[in-house]
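The values are calculated or read from the model by the stated rules, or taken from the named source; none is laboratory data. Note that this is a predicted model, so its numbers are computed, not measured. Note: ideal-geometry Cβ built from the backbone for every residue, glycine included; neighbour counts use all protein chains shown. Ligands, DNA and RNA are excluded from the accessible area calculation, which covers all protein heavy atoms including side chains. Shrake-Rupley method; radii C 1.70, N 1.55, O 1.52, S 1.80 Å.
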4 protein chains.
Amino acid sequence: MDLKLDAEALTAFLERHFTQVADQFEIVSVAPMELDLRLNVTEQHLRPGGTVSGPAMFALADVAVYLSILSMIGPVGLAVTTNCSIDFMRKPAAGQDLIASVRLLKLGRALAVGDVLIRSVGVEDPVARASLTYSLPPARPSA
Amino acid sequence: MDLKLDAEALTAFLERHFTQVADQFEIVSVAPMELDLRLNVTEQHLRPGGTVSGPAMFALADVAVYLSILSMIGPVGLAVTTNCSIDFMRKPAAGQDLIASVRLLKLGRALAVGDVLIRSVGVEDPVARASLTYSLPPARPSA
Amino acid sequence: MDLKLDAEALTAFLERHFTQVADQFEIVSVAPMELDLRLNVTEQHLRPGGTVSGPAMFALADVAVYLSILSMIGPVGLAVTTNCSIDFMRKPAAGQDLIASVRLLKLGRALAVGDVLIRSVGVEDPVARASLTYSLPPARPSA
Amino acid sequence: MDLKLDAEALTAFLERHFTQVADQFEIVSVAPMELDLRLNVTEQHLRPGGTVSGPAMFALADVAVYLSILSMIGPVGLAVTTNCSIDFMRKPAAGQDLIASVRLLKLGRALAVGDVLIRSVGVEDPVARASLTYSLPPARPSA
C-alpha cells in the first residue's frame, strides 16, 4: 500500500482542520502504516511538577494514529476514535518534547487499529503506550 | 468508610493545585466511593463540528476519578494514573455540559480502580465510559 | 426495546452453538440491556492456589456480553469481540461460583459496548470489571 | 539486564506450577525484555467455525508476558495480572498454531507492563494485540 498523503499534505490538513492545535504538532516521518509525531511541549501541557499531563499525551497518541490513518486512506474527515487504552509508565524527561511512534496494525473497511509508543526526545525507555481503534466512514472507496 | 474531603474541600484542593483547569470543573456531588463532576464546556474543548474533543473527555474522567480517590484518602498529591481505557460511544449533545459519574471499585494499598460514565446534561444514554487505575503513594497511612 | 430472546431461548442457543462450554454457564436473569450470568466454577477454572484463572474470567465476561447482545437483537451468529479491557481487582472467594453482571451501554448498527462486574457469589466487592466491544454483522435488520 | 531464567528453566517452571496447561505452550525464544511463546492449537481452543477462541488468545498473551517477567526477575510466584487490554483484529489462519511476541516495556518495583502481538504461524498480519499490567510482589530483592 502506498501513501495517499505525505508529511507535507498531512501538515496542510492539520492546519486547515485543526487550527487550534496544529502548531503543537510536527510530523517527524511518515511511511506506509507508520508515522512519528512530535509534540512541542509548552506550559499548557504541563501539570504541577513539570510533568506533561495525561490528557496532553492522550491527545498526542490520538492525533498521531489519526494522521497515520489519513496517510493511508486520504483526507477523510469522518474517522472517529471509538476506543483508547493507554498505560502511563514513566515520568517524561523535564523540558523535553515528546515523540509518538505509531504502527497501524489493522486498516479494515470499518475499523482501524494502531498502537503507539510515546518517548521523551533522546530517551529510549517509553513514557507511555497506547492502542486506539478508529471507526471508518462506510462510504469510503475500497482502500 | 467516611469522606476525608467533602465537595468544598475538594474544590479548594483543585483551585490550589490545578490552577489552570480548576474553573472548568464543578463538583456536583460526592459520597463514599462515588463522585459526580461537571465539565463546563467552552470553545477550548470543542473539535471541528462542535463535538467535545476526546482529550477533553479523557481529562474529565481522569480528574473525576482522582478527586473521588482524594475524597476517600485525603489530599495526597502523589497518586498517578497508570492506565486508562476509554470507549467513545455517542456524540455529545451540542451546547451541553458533560457530567462524569465515578464509581470507585477498588481502593487498595497500592492501586485504586474507578469506572466512569460520561453523559451530556439531560441525556440518559452515555457519551463515553472509562476505567482508570491509579497508583497510590506507599507512605500513605493505612486507610 | 424488548427482549428478542429470554433466558430459556438464550440457554437453548448456548447449548446448540457452544456445546463444549454451555454447561459451565447459567443465565441468572435477563432484562433489556442487562444480564446476569453465573460461572459454575470447577477444577478446570482454577489456578494454583485455588484462584479462578484470568482466562476463565475473561470467558465469563465475553459470553455474558454476547448473550446480552443476542437477547436484544436475536440469534445472530456473527457478532465478534473486537476489544476487551479487563481489570482484576480482588481474589475471588475460595470455592464460590462467580456472577457477571452486564450493562449494555451501546447497541448501535455496527458496534455494541457492554460493561461487566464480576463478583463471587455472596460477596459485594467486585473481583473484576471488564468492558467489551462487539462488531455486529452489517446485514442485520434495523433494531 | 541479564536473563535470570532461560527457555529451559522457564519450561521447567511452567511444567511444575502450571501442570494443566504446560503442554499447550512452547517457548520459541527468550531474550532480555523479549519472549516468543507458541500455542499448540488443539480442539479445546476452537470456537464454532474453527477459530481460536478469545479466552485461548487471552491466556496465550497472559502466560507469555508472565514468563517474560519471570525470565527477568526469577521464579517469583506472586506476580498477578491487574489489567489487560486486548484487540482482536483478524481471524486466525485455520489449522495453524499461534505465536505471541512479547516486548516488556516496563519492569518497575511494583508494576510491569508488556505488550504482545499474536500471529498465526507463517502469517505477518497480527491476529490480535494485547497489553498487560502485572503487580509484582513487594518483598522482591531489587532487580
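Worth a mention:
- Within 10 Å of the Cβ of each residue in A:56-69, the mean number of Cβ atoms contributed by other protein chains is 2.
- When chain D is turned onto chain A, the axis of that turn runs closest to one Cβ of chain D, and that residue with its distance in whole Å is D:S85, 2.
- Ranked from shortest, the separations from the 7 Å Cα-to-Cβ label point of A:D125 to its equivalents in the other copies are 3.1, 3.7, 4.5 nm.
- Spin-label model distance (nm) - A:A110 vs D:K4, 7 Å beyond Cα toward Cβ: 4.6 nm
- For chain D, the longest principal axis of the Cα atoms and the long axis of helix D:7-17 meet at an angle of about 90 degrees.
- Note: relative contact order over the stretch A:7-135, using C-alpha pairs below 8 Å and six or more positions apart, is 24 percent.
- Here chain D has 52 percent of its accessible surface on carbon and sulfur atoms, given a 1.4 Å probe and all protein chains in place.
- Residues whose amide H comes within less than 5 Å of that of D:V127, counting only those at least five positions distant or on another chain, are D:I118, D:R119, D:S120 (H built at 1.01 Å from N in the peptide plane).
- Build a GNM of chain A with springs between Cα atoms under 10 Å apart, and of A:V127, A:V52, A:V28 the one that fluctuates most is A:V28.
- Where A meets B: accessible area buried, both sides, 1.4 Å probe, Å²: 1600 Å²
- Shielding by other protein chains, A:105-117, mean Cβ within 10 Å: 4
- Cα-Cα pairs of the stretch B:7-135 separated by more than 20 Å (percent): 39 percent
- Nearest-first distances (nm) between copies at A:E8, label 7 Å from Cα via Cβ: 5.9, 6.3, 7.1
- Rounded to 0.05, the FRET efficiency of the A:R90 and D:N40 pair, given R0 = 35 Å and the Cβ-Cβ distance, is 0.45.
- Just checking the listed ones, C:P32, C:P48, C:P92: in the Gaussian network model of chain C with Cα springs under 10 Å, the one fluctuating most is C:P48.
- Spread over its residues, the convex hull of the C-alpha atoms of the protein assembly as shown is 151 Å³ per residue.
- Rounded Å value of the spacing that divides the Cα centres of the stretch B:1-62 and the stretch D:69-98: 36 Å
- Most mobile of A:L132, A:L78, A:L111 in a GNM of chain A (Cα contacts under 10 Å): A:L78
- Computed over protein heavy atoms with a 1.4 Å probe, the accessible surface of the stretch B:21-143 works out to 37 Å² per residue.
- Convex hull of the stretch C:76-143 built on C-alpha atoms - directionally averaged projected area, nm²: 5.4 nm²
- Counting, for every residue in C:91-103, the Cβ atoms of other protein chains within 10 Å of its Cβ and taking the mean gives 0.
- Cα-based helix-to-principal-axis angle, C:54-73 vs chain C, degrees rounded to 10: 30 degrees
- Comment: the Cα-to-Cβ extended label point of D:Q96, at 7 Å, lies 3.7, 4.3, 4.6 nm from its counterparts in the other copies, nearest first.
- Only helical runs count toward this figure. For chain A, summing -39,500 (n - 2.57) over DSSP H runs of n ≥ 4 and dividing by all residues gives -7000 deg cm²/dmol at 222 nm.
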